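Every number in this text was worked out from the coordinates using simple rules, so none of it is lab data. Only a predicted model underlies this, so the values are computations on that prediction, with no experimental measurement involved. As a convention, Cβ positions derive from the backbone with ideal geometry for all residues, glycine included, and neighbour counts pool all protein chains shown.
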Amino acid sequence: MAAMEDLRDLLIDELRDIYDAEHRITKALPKMRKAAGSEDLKEGFDLHLQETEGQIERLEQIFDLLDEPAKRKKCEGILGLLEEGEEKMEEDAHQAVLDAALIASAQKVEHYEIAAYGTLRTYAQLLGHDEVVALLEETLQEEKATDEKLTALAEAGINEAAAQGEDDDNEEESGIQRWAAAVRGGSTSRRTSSGSSSGGRATKKGAKKK
Ligand code: FE
Ligand code: FE
């Protein structure tokens with residue numbers, strides 16, 4: 001184990017941790033994409049895979065700027081979070097429930113990354129590495145945006161769909177379809193479906209024969 005004597009040593013150590021984490025995440029995202037049922041969630045995982053590859057390149061630039069080799073140090077934290085996510089994927093879950101679980105698991109990963117990049121940025125600021133700060137800030141904003149998108153997907157109906165479980169396939173469109181439409185349209189339309197039901201039925205009884 002390398003000696004850690006100052007903040008620079010800690011910065012390098014933490015960079016190696018997140019560098020390893022990002023590599024593991026690029027391996028996990030395609031599996032999460034495959035397990036997801038919702039097209040919007042699949043798209044979200046695709047986009048974040050591309051972003052994550054860019055984040056790895058940014059970390060390599062940072063190692064370069066700091067004149068350090070780009071090395072990985074096993075990130076037990078992300079490893080654990082990803083393992084928990086995989087366990088969920090192996091369970092025999094209803095698709096809507098699995099989608100909710102995938103979002104939860106992805107958000108835990110994003111929160112880990114947000115904590116890591118926030119801390120790294122602060123260390124780099126203290127050490128006066130302005131270019132490094134800018135690169136870390138870019139990634140931090142991507143992770144925050146991803147977390148917010150995941151929240152939007154969950155709130156647009158995925159959790160609701162999971163709550164409905166198996167018996168949602170009669171009558172109205174399913175919760176999944178509703179939230180997918182809501183995400184595409186930019187606003188939720190959950191309220192309107194119940195509002196229109198009052199008028200239609202009364203007329204039938206009035207039209208009876210004499
Ligand atoms: Fe990342
Ligand atoms: Fe991320």
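Whole Å is fine, so just give me how far the alpha carbon centre of segment 100-115 lies from that of segment 37-98.
For segment 100-115 versus segment 37-98, the Cα centre distance is 9 Å.
Quick one: if the Förster radius is 25 Å, what FRET efficiency do E57 and L126 give, using the C-beta to C-beta distance and rounding to 0.05?
For E57 and L126, the calculated efficiency is 0.55.
Taking the Cβ of each residue in H23, H111 as the centre, tally the other Cβ atoms inside 10 Å and list the residues starting with the fewest.
By the 10 Å Cβ count, ascending, the order reads H111, H23.
I need M4, M32 ordered by Cβ neighbour count within 10 Å, fewest first.
In order of increasing Cβ crowding within 10 Å: M4, M32.
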